[in-house]
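Remarks on the structure that follows.
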Amino acid sequence: MGRHRAVAFRAIVQGGHQPWLVLLPFDPVSQWSTPARPLWKCGHGHRVRGSLNGRDFHGAVVERGGAFWLQLEEAAGVDPGQSVDVLIEPEEG
């Protein structure tokens, strides 16, 4: 992975809404010394890459309700309620 240090953790996929979410156990701004950037018209966060249970993905981390969440699409190959091994780092550029 890139010049930033990747972060590994285990978490439960939260369902009941789209996209599905995984709670991050850290603050990405502090961990990566990288401010949030515009992701879409009305949102900011971090574009990330990594793996879920060993399967590569690209996604986004956003702040909601004072916590940071990794957003997952159904195509991520995981189900709500499932425990997943996550490895993420910010994408460059």
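Among the conditions (1) farther than 17 Å from Phe9 by Cα; (2) over 11 Å from the mean Cα position of the chain (by Cα), the only one that His46 does not satisfy is (2). Quick one: would you say Gly50 is touching a residue at least 12 places away in the same chain (Cβ under 8 Å) and part of a strand (DSSP E or B)? For Gly50, the condition - touching a residue at least 12 places away in the same chain (Cβ under 8 Å) and part of a strand (DSSP E or B) - is met.
When residues in the stretch 53-75 are screened for being over 16 Å from Trp20 (Cβ atoms), in contact (Cβ under 8 Å) with a residue 12 or more places away in the chain and of a type outside the set (Asp, Glu), 1 of them pass.
Report the residue count in the stretch 24-47 for those that are within 21 Å of Val84 (Cα to Cα), without any contact (Cβ under 8 Å) to a residue 40 or more places away in the chain and out of contact with any Phe, Trp or Tyr (no Cβ under 6 Å at 6 or more places or on another chain). So the count comes out to 1.
Scanning the stretch 1-47 for residues that are among the small types (Gly, Ala, Ser) and not in a strand (DSSP E or B) turns up Gly2, Ala6, Gly15, Gly16, Ser30, Ser33, Ala36.
Bear in mind these aren't lab numbers, they're just calculated from the coordinates by the rules spelled out. All values reported here derive from a predicted model rather than from experimental measurement. Cβ sites come from the backbone with ideal geometry, for glycine too, and all protein chains shown count toward neighbours.
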